[in-house]
Amino acid sequence: MGDELLMTIARQLVETVRKNVTIDWTLRENVQAKLRVLVKKILRKYGYPPDKQQKATDTVLEQAKLLCKDWAEFA
């Protein structure tokens, strides 16, 4: 995958996660499940390799947890 495509994926992932973060999302399994589905849809949309989607999804959610305090304030 090219750098431009990866940047597009990253931008869309950040936008989607930011829109769906709530203050208590790290505690609520249903919100986390929704985010996982949304992340996987974006990855599939751009042809991200299926065998790497789970790792990418886990990474996105872990990074979101580190940043969620800032994001949830604006939600």
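Loop-resident trypsin sites (Lys or Arg not before Pro) (DSSP state other than H, G, I, E or B) in the range 1-63 with no more than 14 further Cβ atoms inside 10 Å of their Cβ: R28. Build a GNM of the chain with springs between Cα atoms under 10 Å apart, and of V37, V21, V60 the one that fluctuates most is V37. Stretching the chain fully between K55 and N30 yields a gain of 7.0 nm (0.36 nm per residue, less the alpha carbon separation). For the chain, a simple Cβ point-charge model (Lys and Arg +1, Asp and Glu -1, everything else neutral) yields a dipole of about 300 debye relative to the Cα centre. Under the combined filter of DSSP loop state and at most 16 neighbouring Cβ atoms within 10 Å, the chain retains these chymotrypsin sites (Phe, Trp or Tyr not before Pro): Y46. Taking only the alpha carbons of the chain, we obtain Rg and Dmax values of 12.2, 35 Å in that order.
Relative contact order, whole percent, for the chain stands at 46, derived from Cα pairs under 8 Å and 6 or more residues apart.
Computed from the coordinates by the stated procedures, all read-outs in this text should not be read as laboratory data. Source: prediction; values computed, not measured. No Cβ is skipped: glycine too gets one built from the backbone with ideal geometry, and neighbour counts run over all protein chains shown.
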